[in-house]
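Trainee: Take this structure first; my questions come after.
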Amino acid sequence: MVNNAKKRLPGLVDVHVHLRVPGGEHKEDIRSGTAAALAGGFTSILAMPNTSPPLVTLPDYRAAQQLADSQALCDVRHFAGASADHLDALPRLGQEAVGLKIYMDQTYGPLRTASLVALMSCFRQWPREKPIAVHAEGLSIAVVIGLAAAYGRSVHLCHVSRRDEIRLIAQAKQQGLAVTCEVTPHHLFLTEGDVERLGSLGDMRPRLATRDDVNALWAHLDTVIDCIATDHAPHTLGEKQSDPPPPGVPGLETALPLMLTAVVEGRLTMDRLVALMATQPRRIFGLPEQPDTWVEVEVGTPYLIENGELYTKCGWSPFSGMQVRGRVETVWLRGRSAFERDGAGHRYGDVHQRRSTPPNESVV
Ligand code: DOR
Ligand code: ZN
Ligand code: ZN
């Protein structure tokens, strides 16, 4: 239990973010996405390749990474995507990308690799020292674990959400396989019971699960789960109200407040939070330390999550209206102030923003 207090945490790492560049800049761009990251306490994020076009060739990968290098407010690295049509690009991509992302199941966008021959090619060609992260649900998780065992290499399972999945991963770890996994805050704090209230704002892949599944995730948080990742997947409110709505919810700005609330409630320790949101994701993805980098949080004081306070361009959260008890006050990145909550607005380094205004339109 933590009483009202200011705490200093290391810069957090989110290994699962959709920045939507290129092709989806009306949902999020480098500037707005990294402003949201800092406001949520993340100083290093890994961006996903299911963009338009997807990052499956060297030129498209390089263009996305170069844009991030020139515009980002925090550290950004990109995954390359696995595509059966571009398997020959993997060795070159493997030299530059932070990791390979494989989509085994249907999600947002057409990027998907479901054939055994393509999966085997990925596991054979991708450099052993670079991570492979997989969107795999249900039976696909068993396939991924089988591939990791057969090729004797590590694999990272994205957004695990079901009791049986986490049990299988626990079993694989017990056998000594190099399997790691992440869970999202939305799969920890929402259940399928929330879908009626949230409508399409509660729709994502994997879908929200049962109370039993959620309890199983919490029960494995101290042992089997390696990191918390947001799967920040912004879509506009208009898109979410269309038919069919695109799956996905934003999460960069709500993850730490939610997890700090769990610390206040005694559901996990602050040390474990730091391991799940900073130390372990940095280690699994081989990310360098960021010197003189930290996040100051206010823990204990209740406040409401409100759409109007968010810096993600999509401007909404499935947690809007929820009371939480943890909040980012300031972020320092390599010895410079990168974010500061100052009451009337937020300050991002030398860019000052007013609340509720898209960050890329309000440089004062
Ligand atoms: O709900 C989701 N949305 N799950 C994913 O895996 C992809 C994401 C997106 O890109 O919108
Ligand atoms: Zn996914
Ligand atoms: Zn995702």
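Trainee: Taking the condition away from ligand 2 (no atom under 16 Å from the Cβ), touching a residue at least 12 places away in the same chain (Cβ under 8 Å) and in contact with an Asp or Glu (Cβ under 6 Å, 6 or more places away or on another chain), does Ala39 pass? Lay out the reasoning, then the answer.
Mentor: Working: away from ligand 2 (no atom under 16 Å from the Cβ): yes; touching a residue at least 12 places away in the same chain (Cβ under 8 Å): yes; in contact with an Asp or Glu (Cβ under 6 Å, 6 or more places away or on another chain): yes.
It is true that Ala39 is away from ligand 2 (no atom under 16 Å from the Cβ), touching a residue at least 12 places away in the same chain (Cβ under 8 Å) and in contact with an Asp or Glu (Cβ under 6 Å, 6 or more places away or on another chain).
Trainee: Could you count how many residues in segment 175-187 are surrounded by fewer than 21 Cβ atoms within 10 Å (Cβ to Cβ) and either part of a helix (DSSP H, G or I) or on the phi < 0 side of the Ramachandran plot (or both)?
Mentor: Pass one, segment 175-187, residues surrounded by fewer than 21 Cβ atoms within 10 Å (Cβ to Cβ): 175-178.
Filter once more, so that each one left must be either part of a helix (DSSP H, G or I) or on the phi < 0 side of the Ramachandran plot (or both): 175, 177-178.
The qualifying residues number 3.
Trainee: Let me ask something additional. Out of all the residues in segment 213-238, which are charged (D, E, K, R) and more than 16 Å from ligand 3 (Cβ to nearest atom)? If you could, list the steps in order and put the result at the bottom.
Mentor: Within segment 213-238, the subset charged (D, E, K, R) is 213, 222, 226, 231.
Answer for segment 213-238, where residues must be charged (D, E, K, R) and more than 16 Å from ligand 3 (Cβ to nearest atom): Asp213, Asp222, Asp226.
Trainee: Can you pull out the residues in segment 252-292 that are in a loop (DSSP other than H, G, I, E, B) and either surrounded by 22 or more Cβ atoms within 10 Å (Cβ to Cβ) or touching an Asp or Glu at 6+ places or on another chain (Cβ under 9 Å) (or both)?
Mentor: At the first step, the residues of segment 252-292 found to be in a loop (DSSP other than H, G, I, E, B) are 252-254, 265-269, 285-292.
Within segment 252-292, Leu252, Glu253, Thr254, Leu268, Thr269, Gly286, Leu287, Pro288, Gln290 qualify.
Trainee: Only one residue in Leu273, Leu260, Leu256 is away from ligand 1 (no atom under 16 Å from the Cβ), in contact with a Lys or Arg (Cβ under 7 Å, 6 or more places away or on another chain), in contact (Cβ under 8 Å) with a residue 12 or more places away in the chain and not β-branched (Val, Ile, Thr). Which one?
Mentor: Working: Leu273 fails: in contact with a Lys or Arg (Cβ under 7 Å, 6 or more places away or on another chain); Leu256 fails: in contact with a Lys or Arg (Cβ under 7 Å, 6 or more places away or on another chain).
Leu260 is the lone residue from the list that is away from ligand 1 (no atom under 16 Å from the Cβ), in contact with a Lys or Arg (Cβ under 7 Å, 6 or more places away or on another chain), in contact (Cβ under 8 Å) with a residue 12 or more places away in the chain and not β-branched (Val, Ile, Thr).
Trainee: Moving to a separate point now. Give me a count of the residues in segment 219-228 that are of a type in the set (A, V, I, L, M) and either in a strand (DSSP E or B) or within 11 Å of ligand 1 (Cβ to nearest atom) (or both). I'd like the intermediate steps shown before the answer.
Mentor: In the first step, residues of segment 219-228 are kept if they are of a type in the set (A, V, I, L, M); the result is 219, 221, 224-225, 228.
Narrowing the set further to residues that are either in a strand (DSSP E or B) or within 11 Å of ligand 1 (Cβ to nearest atom) (or both) leaves 228.
Qualifying residue count, segment 219-228: 1.
Trainee: In addition: Could you identify the single residue in Ser200, Ser242 that is more than 19 Å from the chain's Cα centre (by Cα), away from ligand 2 (no atom under 16 Å from the Cβ), farther than 21 Å from Ile166 by Cα and not in a loop (DSSP other than H, G, I, E, B)? Steps first, answer last, please.
Mentor: Values: Ser242 fails: not in a loop (DSSP other than H, G, I, E, B).
After ruling out the rest, the residue left standing is Ser200.
Trainee: Tell me, please, whether a residue that is within 16 Å of ligand 2 (Cβ to nearest atom), within 17 Å of Cys158 (Cα to Cα) and in contact with a helix residue (DSSP H, G or I) (Cβ under 8 Å, 6 or more places away or on another chain) can be found in segment 61-79. Break it down into steps so the answer makes sense when it comes.
Mentor: Within segment 61-79, the first condition is being within 16 Å of ligand 2 (Cβ to nearest atom), and the residues that meet it are 78-79.
Cutting the leftovers down to within 17 Å of Cys158 (Cα to Cα) gives us 78-79.
With the extra rule that they be in contact with a helix residue (DSSP H, G or I) (Cβ under 8 Å, 6 or more places away or on another chain), the set shrinks to 78.
The answer is yes; a qualifying residue exists.
Trainee: Continuing with the same structure: Which members of segment 2-54 meet the condition of being modelled with pLDDT under 95 and among the polar types (S, T, N, Q)?
Mentor: Hits for segment 2-54 are Asn3, Asn4.
Trainee: Within segment 165-174, can you find the residues that are surrounded by fewer than 23 Cβ atoms within 10 Å (Cβ to Cβ) and within 12 Å of His220 (Cβ to Cβ)?
Mentor: Residues satisfying the conditions are Arg167, Leu168, Ala170, Gln171, Lys173.
Trainee: Kindly indicate which of Leu208, Leu217, Leu221, Leu188 is more than 25 Å from Thr43 (Cα to Cα) and out of contact with any Asp or Glu (no Cβ under 9 Å at 6 or more places or on another chain).
Mentor: Leu217
Trainee: Follow-up question, since we're still on this one. Here is a list of conditions, (1) away from ligand 2 (no atom under 16 Å from the Cβ); (2) out of contact with any His (no Cβ under 9 Å at 6 or more places or on another chain), and Ser83 meets all of them except one; can you say which number that is?
Mentor: (1)
Trainee: With respect to Ala80, is the statement that it is touching an Asp or Glu at 6+ places or on another chain (Cβ under 9 Å) and modelled with pLDDT of 95 or more true? Full working, then the answer.
Mentor: Working: touching an Asp or Glu at 6+ places or on another chain (Cβ under 9 Å): yes; modelled with pLDDT of 95 or more: yes.
In short, yes.
Trainee: Looking at Ala47, Ala68, Ala80, Ala35 in this structure, which one is surrounded by fewer than 22 Cβ atoms within 10 Å (Cβ to Cβ) and of a type outside the set (Phe, Trp, Tyr)? Break it down into steps so the answer makes sense when it comes.
Mentor: Working: Ala47 fails: surrounded by fewer than 22 Cβ atoms within 10 Å (Cβ to Cβ); Ala80 fails: surrounded by fewer than 22 Cβ atoms within 10 Å (Cβ to Cβ); Ala35 fails: surrounded by fewer than 22 Cβ atoms within 10 Å (Cβ to Cβ).
Of the residues listed, the single one that is surrounded by fewer than 22 Cβ atoms within 10 Å (Cβ to Cβ) and of a type outside the set (Phe, Trp, Tyr) is Ala68.
Trainee: Something else about it: What is the residue count in segment 96-112 for residues that are more than 10 Å from ligand 2 (Cβ to nearest atom), of a type outside the set (A, V, I, L, M, F, W, C) and crowded, with 17+ Cβ neighbours inside 10 Å?
Mentor: Of the residues in segment 96-112, 3 are more than 10 Å from ligand 2 (Cβ to nearest atom), of a type outside the set (A, V, I, L, M, F, W, C) and crowded, with 17+ Cβ neighbours inside 10 Å.
The values are calculated or read from the model by the stated rules, or taken from the named source; none is laboratory data. Since the model is a prediction, treat every value here as computed from it, not as a measurement. A quick note on method: Cβ atoms are made from the backbone with ideal geometry, for glycine too, and the neighbour counts reach across all protein chains shown.
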